[in-house]
Amino acid sequence: MRRSALLAVLTVVASVLPGQTVPAQAAPGSVHQRLDAAPAAAARQKLDVAPAAPQSLDAAAPAVQHVDAEPAAVQTNLDAAAARTTPDAAPAAVRMTFDAAPEPVAKGEAVTLTGRVWRTARGNQARVDFYFHANGTPANSFTYQGFATTTDAGRFSHRAVAQTTGTWKAVYAGSTSRRNAARLDAVQVFQRRSREIAGWSQQTGAWQSPTIRIPTQDYKAIFSWTCPQEGSPFVHLAWTGQGGGSEYVHGAKPTGSLTLNGHAGARNGYFKVSTSADCTWRVRVFSGVAAFQV
């Protein structure tokens, strides 16, 4: 019995050894197998899937190429927009000089307008217009006086006739590449006239002036009058110098004017007037020459 019982136990043990486990003892082993298998499976799946990722990047390559090409297109659009909105370059400033001479100038004589307008040493040929503003007229009342064409160096010259005191203006209109410019120069114009040193007016038939001095050897006395039409009108003007010498003019008309050109000057003397009744007269005495602004 004892031997048969032992054989039975060995038979049971032998039936379990070929690969089967006792359920109570296998449970812990299955847990370990699952825990051990999980990381390996996950790792194998990641390794198996990893090569596919570069394929997705390769498939996206055209998109990458599109992104690389986009900045050039954007830049082209920006450049085109800038070309439409950016204004042209501002015109460059020029230098300009201007002179009207001589100053002062006698009425009727020539005034020469000269100057230069330039930006570089050469290539400055252009048109310059001239205007004149007479003293005593509204500030903006410039009148056109002609033009001149500059040389290649920018120099210009123009001649005009002096008529009255005022301001000359030279104007360069400018161009697409050069700014406009203008310069002013005032010129005094004078006229030589006889200097008036004395004058009187009366309505009397007999009159004598105070003693005066003629500053130059020659003098001029202008005698004008108006007498009634009736009767026999007459007028008489005489100069009497102290120390001797006399000169006179006379007329016999109801109205008129006479000039006494004397040569007994450079000394003291007086004028004397004689007329018919009820004549009104005036005497103006001139000696020397004076320049008056016109």
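In this structure, is S175 within 25 Å of the chain's Cα centre (by Cα) and not hydrophobic (A, V, I, L, M, F, W, C)?
Working: within 25 Å of the chain's Cα centre (by Cα): yes; not hydrophobic (A, V, I, L, M, F, W, C): yes.
Here the answer is yes, as S175 does meet what is asked.
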Worksheet item: What is the number of the single condition among (1) in contact with a strand residue (DSSP E or B) (Cβ under 9 Å, 6 or more places away or on another chain); (2) over 30 Å from R284 (Cβ atoms) that W200 does not meet?
Response: (2)
Worksheet item: In the stretch 273-283, which residue that is surrounded by fewer than 17 Cβ atoms within 10 Å (Cβ to Cβ) and in contact with a strand residue (DSSP E or B) (Cβ under 9 Å, 6 or more places away or on another chain) is nearest to G199 (Cα to Cα)?
Response: R282
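Residue by residue, here is whether (1) at pLDDT 95 or above; (2) outside any strand (DSSP E or B); (3) in contact with a His (Cβ under 8 Å, 6 or more places away or on another chain) holds:
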{"residue": "A170", "(1), (2), (3)": "yes, no, no"}
{"residue": "L184", "(1), (2), (3)": "yes, no, no"}
{"residue": "R192", "(1), (2), (3)": "no, no, no"}
{"residue": "R195", "(1), (2), (3)": "no, no, no"}
{"residue": "P210", "(1), (2), (3)": "no, yes, no"}
{"residue": "P215", "(1), (2), (3)": "no, yes, no"}
{"residue": "A221", "(1), (2), (3)": "no, no, no"}
Worksheet item: Just to be sure, is G205 open to solvent by less than 80 Å² (accessible area, probe 1.4 Å), at positive phi and out of contact with any Gly (no Cβ under 8 Å at 6 or more places or on another chain)?
Response: no
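Out of G256, G269, which single residue is assigned to a strand (DSSP E or B) and either aromatic (F, W, Y) or surrounded by 16 or more Cβ atoms within 10 Å (Cβ to Cβ) (or both)?
Working: G256 fails: either aromatic (F, W, Y) or surrounded by 16 or more Cβ atoms within 10 Å (Cβ to Cβ) (or both).
Answer to the check: G269.
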Discussion item. Checking the condition among the β-branched types (V, I, T), over 28 Å from A291 (Cα atoms), modelled with pLDDT of 95 or more and part of a loop (DSSP other than H, G, I, E, B), which residue from T151, T176 passes?
Written reply: T151
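The values are calculated or read from the model by the stated rules, or taken from the named source; none is laboratory data. Only a predicted model underlies this, so the values are computations on that prediction, with no experimental measurement involved. Positions of Cβ are generated from backbone atoms using ideal geometry, with glycine treated the same way; all protein chains shown enter the neighbour counts. Only protein heavy atoms, including side chains, enter the accessible area calculation; ligands, DNA and RNA are left aside. Shrake-Rupley method; radii C 1.70, N 1.55, O 1.52, S 1.80 Å.
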